[in-house]
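Enquirer: Mind looking over this structure? Questions follow.
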Amino acid sequence: MATTDEPTIELKVFVDKEKSRVLFAESGKEFVDVLFGFLTLPLGTIVRLLGKESQAGCLDELYKSVERLPTGFFRTEACKTMLLNPINGAAKLCCQLKVRVDDTKHREVYVCTSCYGHANCAYSSVPGAVCKCGKSMTRVPGERAEYGSTSSAAGAGSEDGVFVKGDTKFIITDDFKVAPASTSLMLSLLDKFEVQDPSSLEQKTIQLSLDKIIGLLKRSLTSKDPLTGHYFNVAMAHDDTGIDMFHESLHHEQDNGGEHTPINLSISVLQTKNNASVLYAEVGADFVDLLFGLLSIPLGSIVKSYGKCGSKGCVDNLYSSIGGSVKGFLRPECQSFLQSPKLTPFFGCGASKILQVEELSPYKEEIGTCFKCFKTYGFSNLTYCHGNNYRNPYYLANCIETVKTTNLCEMDPKSPKECANGEAYVKQGHQKFIVTDDLHVLPLSLVSTLQVISEAKIQKRDLVEKELAVTKPQVMEILKAALVTRKALSTVLLPPMNMKKLYHHSFGLY
Ligand SMILES: [Zn+2]
Ligand SMILES: [Zn+2]
């Protein structure tokens, strides 16, 4: 019996056995393509691929909050699906990777089977999308073609990779700096690592399957040596170190926060009187929407906005390689896309606006069959409409429709009625929520508030409630903090000086 072999990617690692360290690796385009593909992944996809154990700041908690929050709190059912299974704006390219990391289905087409009578067919690729008539859309058989039909780059006969141009060999350092292989680079790396005798380095060829690549993705978010970690199977740390450094970086970046549009989010914060920690914030749907929207943002856009501070790992090195050492070795259209990843149409939201992430234009396509045939046979049988139908006994031998084309137009799954602005995922209204320090979001109720207070084991007399007007730079900071620390609200909303004093104070006790 034939077994389908799982695709793997080969990587040659150079190991310093004495120091138990991978110094660097050499690979072809396949591995580098996969690494650059990481930057296109929406944060929600990353959390999902890592089984909600990404350990990147509060992202896991945020994702689980979306899962737990009843559908009624979202504008449409599709909104919840969009956050839990965001579609990658570069899905077309990522599909061609030798090992496909993002398994989100982006070419499925859902249409309304009740609305007939016009040649424009609104569709969505998000399961659970609702037609403007109010009916749930159903999936048509088959899948739509890719944008621009011809299956582009990595097609037969081309030497190009998915993002990489030509068939170059690359050197990847342990902290994911990527550069085309050359003798001078190798010599400078040997110098850097003080390797006197190159023959002492052990060369090992390893095969990376999907599981292992997902493991590397996880390490790249939280560690500076993913290759060493992978090769020696080092346990991943759970700590919150790096917050102090993060604090420093926060406060001198406040000035260049772009335009000074007021954002006017009023929240009330329950915190300890001594400014040691925030228990939770009581917020409106607008604030929750900003947080949830983070799940739709591609990793590369995060690095673009926040640089090194957006991650405790080393994806920033990957990102800077694109405009640096690898420049000129990428297909030109990929270069700009990887540097400013774009969102799938209609995935834009408050968070993407603040982070200035652009959205692709909605997809349109003319299908060569009538409306009825398309809805019945989808993409799987485009010829029926024009010829004899021997398959379906309920129809006449030939399709009697005269208009043999259907215009597929992508619709906004967030607002099928096309009236309200199509941005928010969360239903805007008077509903209040509580958001804990680690960004666990839940509807406001006495039960939930009391639970947070009792879990914190803090006396009521030590607590104080404060009203705050959150500014746009503060939102930027909260989104950034969400990526690197489990104390996102405390880190941003409490005065940094006090946190430091407290630290020194408690230190002085010993
Ligand atoms: Zn309809
Ligand atoms: Zn037809």
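Enquirer: In sequence order, what are the phi-derived ³J(HN,Hα) couplings for region 280-296 according to the Karplus relation 6.51 cos²θ - 1.76 cosθ + 1.60 with θ = phi - 60°, rounded to whole Hz, with x for glycine and proline?
Expert: 7, 10, 9, 9, x, 4, 4, 5, 4, 5, 4, 5, 4, x, 4, 5, 8
Enquirer: Rounded, prolate or oblate: pick one for region 179-223, where a ≥ b ≥ c are the square roots of the eigenvalues of its C-alpha gyration tensor, a/c under 1.5 means rounded, and failing that, prolate if a/b is larger than b/c, else oblate.
Expert: On the way: a/c = 2.30, a/b = 1.95, b/c = 1.18.
It comes out prolate by the Cα gyration axes.
Enquirer: Not counting ligands, DNA or RNA, and with a 1.4 Å probe, what is residue 263's accessible surface area in Å² rounded to the nearest 10?
Expert: Residue 263 has an accessible surface of roughly 50 Å² with all protein chains in place.
Enquirer: Here is a follow-up. Suppose all protein chains stay in the model; what accessible area per residue would a 1.4 Å probe give for the chain, in Å²? Don't jump to the answer; show the numbers that get you there.
Expert: Working: 24100 Å² over 510 residues.
On a per-residue basis, 47 Å².
Enquirer: Follow-up. How large, in percent, is the carbon and sulfur part of the accessible surface of region 267-331 at a probe radius of 1.4 Å? Working shown, then result.
Expert: Working: 850 of 1600 Å².
Accessible surface attributable to carbon and sulfur in region 267-331 totals 53 percent.
Enquirer: Keeping all protein chains in position, work out how much accessible area residue 106 exposes to a 1.4 Å probe, and write it in Å² to the nearest 10.
Expert: Probe radius 1.4 Å; accessible area of residue 106 about 10 Å².
Enquirer: Run the reach check for residue 466 against lysines, Cα to Cα strictly under 19 Å, same-chain hits fewer than 8 apart removed. What comes back?
Expert: 273, 432, 487
Enquirer: Would you work out what percent of the accessible area of region 21-75, with all protein chains in place, is carbon or sulfur (probe 1.4 Å)?
Expert: Values: 580 of 1340 Å².
Answer for region 21-75: carbon and sulfur cover 44 percent of the accessible area.
Enquirer: Decide, for the chain, between rounded, prolate and oblate: order the square roots of the alpha carbon gyration tensor eigenvalues as a ≥ b ≥ c, take rounded if a/c falls under 1.5, and otherwise choose prolate if a/b is larger than b/c, else oblate. Before the final figure, lay out the partial values.
Expert: Details: a/c = 2.30, a/b = 1.16, b/c = 1.98.
Oblate.
Enquirer: Assuming R0 = 45 Å, can you tell me the calculated FRET efficiency for the pair residue 16 and residue 143, based on Cβ-Cβ distance, to the nearest 0.05?
Expert: Working: r = 47 Å, r/R0 = 1.05.
Plugging the Cβ-Cβ distance into 1/(1 + (r/R0)^6) gives 0.45.
Enquirer: Which trypsin sites (Lys or Arg not before Pro) from region 394-493 combine a DSSP loop assignment with at most 14 other Cβ atoms within 10 Å?
Expert: Working: sites: 404, 414, 417, 427, 432, 457, 460, 461, 466, 480, 486, 487; in loops: 404, 414, 417, 427, 457, 486, 487.
For trypsin sites (Lys or Arg not before Pro) across region 394-493 that sit outside H, G, I, E and B with at most 14 neighbouring Cβ atoms in 10 Å, the list reads 417, 457.
Enquirer: Once you have a ≥ b ≥ c as the square roots of the Cα gyration tensor eigenvalues for region 260-345, tell me rounded if a/c is under 1.5, and otherwise prolate or oblate according to whether a/b is larger than b/c.
Expert: Verdict is prolate for region 260-345.
Enquirer: While we're on this one: Using 0.36 nm times the number of residues separating residue 192 and residue 234, minus their current alpha carbon distance, what extension gain do you get?
Expert: Working: separation 42, 0.36 × 42 = 15.12 nm, distance 2.32 nm.
Stretched fully, the residue 192-residue 234 segment lengthens by 12.8 nm.
Enquirer: Can you give the calculated 222 nm mean residue ellipticity of the chain, where each DSSP H run of n ≥ 4 adds -39,500 (n - 2.57) and the sum is split over every residue, rounded to the nearest 500 deg cm²/dmol? Numbers along the way, then the final one.
Expert: Working: 19 runs with 166 residues, N = 510.
Computed mean residue ellipticity for the chain: -9000 deg cm²/dmol.
Enquirer: For the chain, give the magnitude of the charge dipole about the Cα centre (Cβ charges: +1 Lys/Arg, -1 Asp/Glu; no others), in debye to the nearest 20.
Expert: Dipole magnitude for the chain comes out near 1080 debye.
Enquirer: Moving on to the next point. List the residues, sorted by chain then number, that are 5 or more residues from residue 122 or on another chain and whose placed amide H is less than 5 Å from its amide H.
Expert: Amide H to amide H, under 5 Å and 5 or more residues apart or across chains, residue 122 pairs with 409.
Enquirer: Next question, about the same structure. Distance check, please: which entries in 17/192; 80/308; 12/52; 135/414; 353/472; 19/327 exceed 21 angstrom between their Cα atoms?
Expert: Values: 17/192 17 Å; 80/308 30 Å; 12/52 30 Å; 135/414 14 Å; 353/472 11 Å; 19/327 32 Å.
Those over the limit are 80/308; 12/52; 19/327.
Enquirer: How much length is gained on full extension from residue 379 to residue 447, taking 0.36 nm per residue of separation minus their Cα-Cα distance?
Expert: Numbers: separation 68, 0.36 × 68 = 24.48 nm, distance 5.04 nm.
Computed gain between residue 379 and residue 447 is 19.4 nm.
Enquirer: Follow-up question, since we're still on this one. Mind checking region 283-391 for trypsin sites (Lys or Arg not before Pro) that DSSP puts in a loop (not H, G, I, E or B) and that have at most 12 other Cβ atoms within 10 Å?
Expert: Those that pass, being in a loop and sparsely packed, are 327, 391.
Enquirer: Still on this structure, please answer the following. Average projected area of the Cα convex hull of region 57-142, in nm²? Numbers along the way, then the final one.
Expert: Working: hull surface 30.8 nm².
Dividing the Cα hull surface by four gives the mean projection, 7.7 nm².
Enquirer: Relative contact order for the chain: what percent, with Cα pairs under 8 Å and sequence separation of 6 or more?
Expert: Numbers: 949 pairs, mean separation 121.9, N = 510.
Taking the mean separation of contacting Cα pairs over the length of the chain, I get 24 percent.
Enquirer: Name the long-range amide H neighbours of residue 437: under 5 Å, sequence gap of 5 or more, or other chain; modelled H, no Pro or chain starts.
Expert: For residue 437, no residues qualify.
The values are calculated or read from the model by the stated rules, or taken from the named source; none is laboratory data. Since this is a predicted model, take the numbers as computed values, not measurements. Methodologically, a virtual Cβ is constructed for each residue, glycine included, from the backbone with ideal geometry; neighbour enumeration extends over all protein chains shown. Note: areas computed on protein heavy atoms with side chains; ligands, DNA, RNA excluded. Shrake-Rupley method; radii C 1.70, N 1.55, O 1.52, S 1.80 Å.
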